[in-house]
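Student: Mind having a look at this structure? Questions to follow.
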Amino acid sequence: MEGWPREELTGSRRPTRVDQRGRAARAEGRDARQELLSAAADVFSARGFHDASIDAVAERAGYSKGTVYWHFAGKDDLFLALVEERVDRPMREMIELLRSAPADRNMAPEASRRFAELLAGQQEWLLLDNEYWLQAMRDPELRRRYAERRRELRAALGDALASRAETLGAGRLEIEPERVATAIMALGVGLAQQALVDPHAVPDDLLGEIILLIYKGLTARAEESGGEGGSPA
């Protein structure tokens, strides 16, 4: 594994990281991780995922290459940390809002607003995430990490959808919440890709409208089975 001392990898015990930060950085107590993430954002945005390098990130941040490996296992780990910060964190915030919102709060417009903000503010990172997806399709290890990341988001959204249904008095969903989450996430990805190509084809309120239609279909199905429907999503 790149970044680990070779002698630590050949033994039976777990590898121990060696602090390879520069002496000045250690003495100053600088927040190297955040500075590296900021530098990496510039490098990935300028060069793309494939052509970005650890050397370029270290040079941009003014740190040694060893400092990068002190904080991140490699380029993939660094990139995923950035995706978590720039793309996944807004999604997690929206998921938590859906889970905890009171029944009288209509979440469809909120979903559309947050989606529009993500498209407006993080277009470069949505493009980079697509590039990473292409790389992951060719690399089993990258694909495993990408799938794990999406699986965690899907589970969180499924849990939020189930909680929302209970809050609205719809009772238990007739379909597994994670299956609904899979469809909504795929819808979001597809709309985001379309918006990057042709913004006028994706109105700001489209995602919220479709999610509301999905929810109404679920509640109608529950009513047909003898359940009670709730108020709008």
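The values are calculated or read from the model by the stated rules, or taken from the named source; none is laboratory data. Worth saying up front: this structure is predicted, and the values here are computed from it rather than measured. Using ideal geometry, Cβ is built from the backbone for each residue, glycine included, and neighbour counts are taken over all protein chains shown. Only protein heavy atoms, including side chains, enter the accessible area calculation; ligands, DNA and RNA are left aside. Shrake-Rupley method; radii C 1.70, N 1.55, O 1.52, S 1.80 Å.
Student: Using a 1.4 Å probe on the protein heavy atoms, what percent of the accessible area of the stretch 75-202 belongs to carbon and sulfur?
Tutor: 51
Student: Note down the Stokes-Einstein diffusion coefficient of the stretch 31-78 in µm²/s, whole number, using a Kirkwood radius over alpha carbon pairs, 10 °C, and 1.306 mPa s.
Tutor: After rounding, the answer is 156 µm²/s.
Student: Follow-up. Placing +1 on the Cβ of each Lys and Arg and -1 on the Cβ of each Asp and Glu in the stretch 64-112, which of Met91, Ala81, Asn106 has its Cα farthest towards the positive end of the resulting dipole?
Tutor: Ala81
Student: Just the number please: accessible area per residue for the stretch 75-185, 1.4 Å probe, all protein chains included, in Å².
Tutor: Per residue, the stretch 75-185 has an accessible area of 51 Å².
Student: Here's a follow-up. Give me the one-decimal nm value for the distance between modelled label points at Ala46 and Ala73, 7 Å along each residue's Cα-to-Cβ direction.
Tutor: My value for the distance between the label points is 2.8 nm.
Student: Further question: What does the charge count near Val87 come to, summing +1 for each Lys or Arg and -1 for each Asp or Glu among other residues with Cβ under 11 Å from its Cβ?
Tutor: Taking every other residue near Val87 into account, the sum is -1.
Student: Turning to a different aspect of this structure: Heavy-atom accessible area of Lys65 with all protein chains present, probe 1.4 Å, nearest 10 Å²?
Tutor: Probe radius 1.4 Å; accessible area of Lys65 about 80 Å².
Student: Further question: State, to one decimal in nm², a quarter of the convex hull surface area for the C-alpha atoms of the stretch 91-233, i.e. the direction-averaged projected area. Can you show the working numbers first?
Tutor: Numbers: hull surface 34.2 nm².
The number I arrive at for the stretch 91-233 is 8.6 nm².
Student: Follow-up question, since we're still on this one. At what distance in nm do the modelled label points of Leu127 and Ala186 sit from each other, each positioned 7 Å from its Cα along Cα→Cβ?
Tutor: Roughly 2.7 nm, to one decimal.
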